[in-house]
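> Right, I'll just put the structure down here and ask away after.
The values are calculated or read from the model by the stated rules, or taken from the named source; none is laboratory data. Not measured: the values here are computed from a predicted model. As a convention, Cβ positions derive from the backbone with ideal geometry for all residues, glycine included, and neighbour counts pool all protein chains shown.
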Amino acid sequence: MSRLTQTRTLAALTGSLVIAGSLTACGGDSSASDAKEVTVYSADGLKGENGDGWYDQVFKDFEKKTGIKVNYVEGGSGEMVQRAVREKSNTQADVIITLPPFIQQADEKGLLQAYKPEGSDQVDGADKAPDGKWTSVVNNYFGFIYNKKELPGGKAPKTWEDLTDSSYKDKVQYSTPGVAGDGTAVLIKAMHDFGGKKPAMDYLNKLQTNNVGPSASTGKLAPKVDKGELLAANGDVQMNYAQSKDMPNLGIWFPATSTDPAGKPTTFALPYAAGLVNKAPHSANAKKFLDYLLSQKAQQQVSEIGGGFAARKDIKATDANAVALDKIVDGVEIFEPDWSDISENLQTYVEDWKSATGS
């Protein structure tokens with residue numbers, strides 16, 4: 001069955017860790033260093049709201065097993081890549097975890113070195129680089145959120161076009177394309193659903209009438225939706241499902257287009273992908289960390305603790321969270337973006353978006 005039509009299982013994670021210690025490592029590959037630490041630059045969306053997420057458990061277990069402390073730095077996917085680029089002459093990060101197409105951009109900018117973590121042979125071929133530069137540790141899906149309390153009948157919108165209705169005036173917001181991974185995903189899905197760049201940009205131009213404005217953080221949109229400050233926003237299934245545990249008014253949906261006779265909602269895989277940073281100050285520790293992220297224990301905990309699905313295809317989750325997430329994506333058509341094209345032309349797409357929206 002084609003990946004364009006099959007409904008694949010999700011993989012997701014959440015977690016939380018406070019940034020610990022100062023980032024004082026010097027650049028260069030010092031894998032022989034005896035420093036018991038590893039610095040992780042990660043896209044936001046993986047951090048638990050109350051310190052009870054997958055990252056919390058994994059980091060704690062990893063430190064207990066190895067004695068290696070995790071220094072955690074969080075931001076948008078694009079922000080993390082840009083930061084690592086600025087630090088190339090004095091590398092600070094050991095591991096970088098971002099959404100596509102930013103993990104591909106990190107590779108293109110020379111930020112990654114090849115390493116195939118233990119267990120990566122169980123990751124689907126489409127979810128890792130053939131040369132080992134990056135491997136998905138969590139398979140996630142792009143989605144939207146809505147307020148179940150404020151919308152009539154508690155029902156989600158059905159189409160992109162619904163969001164342009166006057167009832168959504170100043171009640172819609174999405175994160176910034178080119179900065180946030182989920183914001184970039186808005187462009188990707190719109191171009192797919194509307195059949196090209198121009199009709200997608202025309203739509204986003206029209207949406208500006210109701211749009212509050214760009215947001216650097218996708219994660220900050222969910223509380224606004226839950227409180228009713230917004231009626232709809234973008235997000236991703238993993239993060240929003242975790243947030244919904246503490247935000248009872250939050251619902252997840254996937255827009256269709258009014259021009260589709262079948263009215264079928266669509267989405268695409270948006271995995272969190274991890275890579276070993278080139279000239280990592282603690283590369284030996286980083287390799288151990290990547291191995292642990294894909295260990296059977298950690299991957300099993302993705303569902304049990306994080307409310308998502310493992311990146312490893314040999315992990316079969318059957319818990320309540322797994323069942324609930326299967327229902328969320330039931331009947332949703334999964335398409336596969338051309339990540340090579342998106343990575344190559346992302347800046348152009350972002351500039352076109354800025355022109356179309358006046359952002």
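> Among the numbered conditions (1) crowded, with 19+ Cβ neighbours inside 10 Å; (2) within 19 Å of Asn240 (Cβ to Cβ); (3) under 18 Å from the mean Cα position of the chain (by Cα), tell me where Asn321 comes up short.
If we test Asn321 against (1) crowded, with 19+ Cβ neighbours inside 10 Å; (2) within 19 Å of Asn240 (Cβ to Cβ); (3) under 18 Å from the mean Cα position of the chain (by Cα), just (3) comes out false.
> Just checking, does the stretch 145-153 include any residue being in a helix (DSSP H, G or I), at positive phi and out of contact with any strand residue (DSSP E or B) (no Cβ under 8 Å at 6 or more places or on another chain)? Spell out how you get there, then give the answer.
As a first pass, look at the stretch 145-153 and keep what is in a helix (DSSP H, G or I): 152-153.
Right, trim to at positive phi and you get 153.
Keeping just the survivors that are out of contact with any strand residue (DSSP E or B) (no Cβ under 8 Å at 6 or more places or on another chain) gives 153.
Within the stretch 145-153, one or more residues are in a helix (DSSP H, G or I), at positive phi and out of contact with any strand residue (DSSP E or B) (no Cβ under 8 Å at 6 or more places or on another chain).
> Tell me which of these Val323 doesn't satisfy, since it passes every other one: (1) assigned to a helix (DSSP H, G or I); (2) aliphatic (A, V, I, L, M); (3) touching a residue at least 24 places away in the same chain (Cβ under 8 Å).
Checking Val323 against (1) assigned to a helix (DSSP H, G or I); (2) aliphatic (A, V, I, L, M); (3) touching a residue at least 24 places away in the same chain (Cβ under 8 Å), the one that fails is (3).
> Cβ-Cβ distance below 6 Å, separation of 6 or more or different chains: which pairs start in the stretch 259-285 with a residue that is under 20 Å from Leu46 (Cβ atoms) and among the aliphatic types (A, V, I, L, M) and end on one that is in a loop (DSSP other than H, G, I, E, B) and at pLDDT below 95?
Here the result reads Ala269/Asn139; Leu270/Leu99; Leu270/Asn140, each pair linking the stretch 259-285 to a residue that is in a loop (DSSP other than H, G, I, E, B) and at pLDDT below 95.
Here's the yes/no breakdown for (1) small (Gly, Ala, Ser); (2) buried (at least 23 other Cβ atoms within 10 Å of the Cβ); (3) at negative phi:
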position: Ala156; (1), (2), (3): yes, no, yes
position: Thr164; (1), (2), (3): no, no, yes
position: Ser175; (1), (2), (3): yes, yes, yes
position: Gly195; (1), (2), (3): yes, no, no
position: Pro199; (1), (2), (3): no, no, yes
position: Asn210; (1), (2), (3): no, no, yes
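> On to the next question. Any residue in the stretch 104-116 that is more than 20 Å from Gly178 (Cβ to Cβ) sitting within a Cβ distance under 8 Å of a residue that is among the acidic types (Asp, Glu)? List the pairs, counting only those 6 or more apart or interchain.
Short answer, once both residue conditions are applied: Ala114/Asp131.
> What are the residues in the stretch 155-183 that are closer than 15 Å to Leu221 by Cα and assigned to a helix (DSSP H, G or I), if any?
If the condition is that a residue be closer than 15 Å to Leu221 by Cα and assigned to a helix (DSSP H, G or I), then Gly181, Asp182, Gly183 are the ones that fit.
> Oh, and also: Conditions: (1) touching a Ser or Thr at 6+ places or on another chain (Cβ under 9 Å); (2) in contact (Cβ under 8 Å) with a residue 40 or more places away in the chain; (3) not hydrophobic (A, V, I, L, M, F, W, C). Lys133 meets all but one. Number of the miss?
(1)
> Continuing with the same structure: In the stretch 330-359, how many are in contact (Cβ under 8 Å) with a residue 24 or more places away in the chain, surrounded by fewer than 16 Cβ atoms within 10 Å (Cβ to Cβ) and part of a loop (DSSP other than H, G, I, E, B)?
Going through the stretch 330-359 one residue at a time, the tally reaches 5.
> Another question about this same structure. Over 19 Å from Trp253 (Cβ atoms) and at pLDDT 95 or above: does that describe Lys206? Walk me through how you get there before you give the answer.
Numbers: over 19 Å from Trp253 (Cβ atoms): yes; at pLDDT 95 or above: yes.
When the stated conditions are applied, Lys206 passes them.
> What residue, of Lys198, Lys171, is basic (Lys, Arg) and in contact (Cβ under 8 Å) with a residue 60 or more places away in the chain? Walk me through it before giving the result.
Numbers: Lys198 fails: in contact (Cβ under 8 Å) with a residue 60 or more places away in the chain.
None of the other options fit; the residue is Lys171.
Matching residues to (1) modelled with pLDDT of 95 or more; (2) surrounded by 16 or more Cβ atoms within 10 Å (Cβ to Cβ); (3) assigned to a loop (DSSP other than H, G, I, E, B):
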{"residue": "Glu49", "(1), (2), (3)": "no, yes, yes"}
{"residue": "Asp56", "(1), (2), (3)": "no, yes, no"}
{"residue": "Lys64", "(1), (2), (3)": "yes, no, no"}
{"residue": "Glu74", "(1), (2), (3)": "no, yes, no"}
{"residue": "Gly78", "(1), (2), (3)": "no, yes, no"}
{"residue": "Val85", "(1), (2), (3)": "yes, no, no"}
{"residue": "Ala93", "(1), (2), (3)": "yes, yes, yes"}
{"residue": "Ile96", "(1), (2), (3)": "yes, yes, no"}
{"residue": "Asp107", "(1), (2), (3)": "yes, yes, no"}
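> OK, next. Kindly indicate the residue of the stretch 303-317 that is modelled with pLDDT of 80 or more and not aliphatic (A, V, I, L, M) and also nearest to Leu293 (Cα to Cα) among those meeting that condition. Give the steps one after another, and end with the answer.
As a first pass, look at the stretch 303-317 and keep what is modelled with pLDDT of 80 or more: 303-305, 310-317.
Now restrict to residues that are not aliphatic (A, V, I, L, M): 303-304, 312-314, 316.
Numbers: Ser303: 13, Glu304: 15, Arg312: 10, Lys313: 14, Asp314: 15, Lys316: 16 Å.
Filtering the stretch 303-317 for residues that are modelled with pLDDT of 80 or more and not aliphatic (A, V, I, L, M), the one nearest to Leu293 (Cα to Cα) comes out as Arg312.
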